[in-house]
């Protein structure tokens, strides 16, 4: 029923019995940033966390949004304010990108001061005209803002977030919640072990009585992007190699037989205007995402490198069954059998990792089962069995076919005593947006008004208040 | 303090104290009010049959925006069990948070889970706590083994 609401209208407060507020919920990730009004079922604004950088007369200009990062403008380069380690490195750009996520789709009637939001280039003329009106031109000064954060966000990072909300955006009220806790709650569990398989990171968050256990909260680098890199290695080392040519480089293609070389005419760019390799990498990533969604799977039962009951290896079994076709943008097409499983196997079994000079193999301690074991070893022994029977698996990359079955099998092998139970939300939307949805419900509750950190409290106590209040 | 700001009505505590001191009440089932603003007593009972209690919990419903699903609930149960070797019986008050994995709407799931601490922290004298998300986790034998853990 919320689908009939327009993008720019907050839901009727009467719908959820709340008070006169239409709070905003912002859930930034490495690959995608999600924003929307509290009380809605899904985030209305889902934009890439990547941005385009193009040269202009006034220096490099940033471009935000889906169209901007996928258009091969001359010399376009792709950046991301968040590092591969899941930590914000460029706060100014992050602020602009998140603001774009909110204002472009949700509150576009009130853009912030064009001088300070960075969405326009600075000019001195404009500066004089705009002097004195700054205080009225805050982008979000009517809407309380609930933000999610990673489990490894530092005290400094948390303070920076409330500063951005209060100082840059003029938020009247703010709340910060650990995304693992939001995912546990939206699964109906005050205590859970949350495994969130994202793009740059898999986060492991033990939650007990509604609180994140900081000691056992870990970041594992094996996630969606790692699987993409494994696919790149599989494609480049295949005999003959599998071409990974993005759509923007193809003018036209001719159908070819499976495995035959592509017959396409390729687009060329005038010398000196070619998009930067980072642009190509992002476009390759789109193909790989499609490949992961339609072809890639996780092997089970047993390990791909193990033996089957006929004395052969599971690798042999995988070679002879369940091959799936995939066509590249240039028309090259092939059936993929063992490769489907090969790309994901090293999430669980480091011996199966593919590597080369620029893609290092993970260490044995970095596999998902080993990271989960490390997490559990750091928390109270009495609650370990309880968390093992309440494993919550979320995140886009966990949707890969067979992921949960294999994770359960690995955990049961490591912990033969306690019962292992895995819960994942039934719908794809709830799985991909679990922490946003949790935040949306929380911020929509009529009773939540007493939780918010108000602007007044922030002014009184400074950014340190976030650490005291948002436990 | 809960994470949701949801309040606990005084009646929740009064009834709990009756159960704790009077020994006639066997269990109390708590729920969130229809507007999801406060935790209220849904029912208290002297019925000692676990199966009847279990059925009430499992059949509970919650609705939101005109949709209905299975309902999460909180409950306290005055749990009595035999010690090994005929060493007598023990009573322990068990706090149960019930939120079925299957068939629930996400709104009640989120609201119950984020409000649990508010209720639990206002009840003094809870001897054990159980989080149940599947029907087998609310069987008598499952509860017994977690309640009596280390004390048998």
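I want to verify a result. In a Gaussian network model of chain B, Cα cutoff 10 Å, which of these has the top mean-square fluctuation: B:100, B:72, B:48?
Result for chain B, Cα springs under 10 Å: B:48 fluctuates most.
Please give the Cα centre distance for region B:116-130 versus region A:195-214, rounded to the nearest Å.
That distance is 25 Å.
Which of A:428, A:88, A:394 has the fewest other C-beta atoms within 10 Å, and how do the rest follow up to the most?
Working: A:428 10, A:88 20, A:394 31.
Result, fewest neighbours first: A:428, A:88, A:394.
Which order do the peptides A:152-164, A:246-258 take when ranked by the mean count of other beta-carbon atoms within 10 Å per residue, highest first? Let's see the in-between values first.
Numbers: A:152-164: 17.2, A:246-258: 13.5.
The densest-packed peptide leads the list: A:152-164, A:246-258.
What do you get for the angle between helix B:10-22 and the principal long axis of chain B? Use alpha-carbon atoms, 0 to 90 degrees, nearest ten.
Relative to chain B, helix B:10-22 is tipped by roughly 10 degrees.
So which residue, out of B:55, B:20, B:92, gets the largest mean-square fluctuation from a GNM of chain B using Cα contacts under 10 Å as springs?
Of B:55, B:20, B:92, the most mobile in the Gaussian network model is B:55.
Output the relative contact order of region B:1-120, whole-number percent, from Cα pairs under 8 angstrom with separation of 6+ residues. Could you put the intermediate results ahead of the total?
Values: 206 pairs, mean separation 32.7, N = 120.
Reported as a whole number, the value is 27 percent.
What does the structure give for B:123-135 when I average, per residue, the other chain Cβ atoms found within 10 Å of the residue Cβ?
Values: counts 0, 0, 0, 0, 0, 0, 4, 1, 9, 0, 8, 3, 0.
Neighbouring Cβ atoms belonging to other protein chains average 2 per residue here.
Cα centroid distance between region A:28-104 and region A:385-430, in Å?
Value for the Cα centre distance between the two parts: 31 Å.
Could you grab the relative contact order for chain A? Cα pairs under 8 Å, six or more apart, rounded to a whole percent. Spell out each step's value before the answer.
Values: 887 pairs, mean separation 91.0, N = 471.
Value for chain A: 19 percent.
Provide a whole-number value for the mean count of partner chain Cβ atoms within 10 Å of the Cβ atoms in peptide B:100-107.
Details: counts 1, 10, 2, 1, 2, 1, 15, 9.
Rounded to a whole number, the mean comes out at 5.
Pick from B:77, B:64, B:30 the residue whose mean-square fluctuation is largest in a GNM of chain B, springs joining Cα atoms under 10 Å.
B:64
Under the rule of -39500 (n - 2.57) per DSSP H run of 4 or more residues, summed and divided by the residues of the protein assembly as shown, what mean residue ellipticity at 222 nm is obtained, to the nearest 500 deg cm²/dmol? Intermediate results must be reported in sequence, preceding the final value.
Details: 20 runs with 190 residues, N = 623.
It lands at -9000 deg cm²/dmol.
Rounding to the nearest 10 and keeping the result within 0 to 90°, find how far the Cα-based axis of helix B:106-122 lies from the longest principal axis of chain B.
50
Every number here is computed from the coordinates shown, using simple stated rules; none is lab data. Remember, predicted model here, so these are calculated numbers, not experimental data. Glycine also receives a Cβ, built like all others from the backbone with ideal geometry; neighbour counts cover every protein chain displayed.
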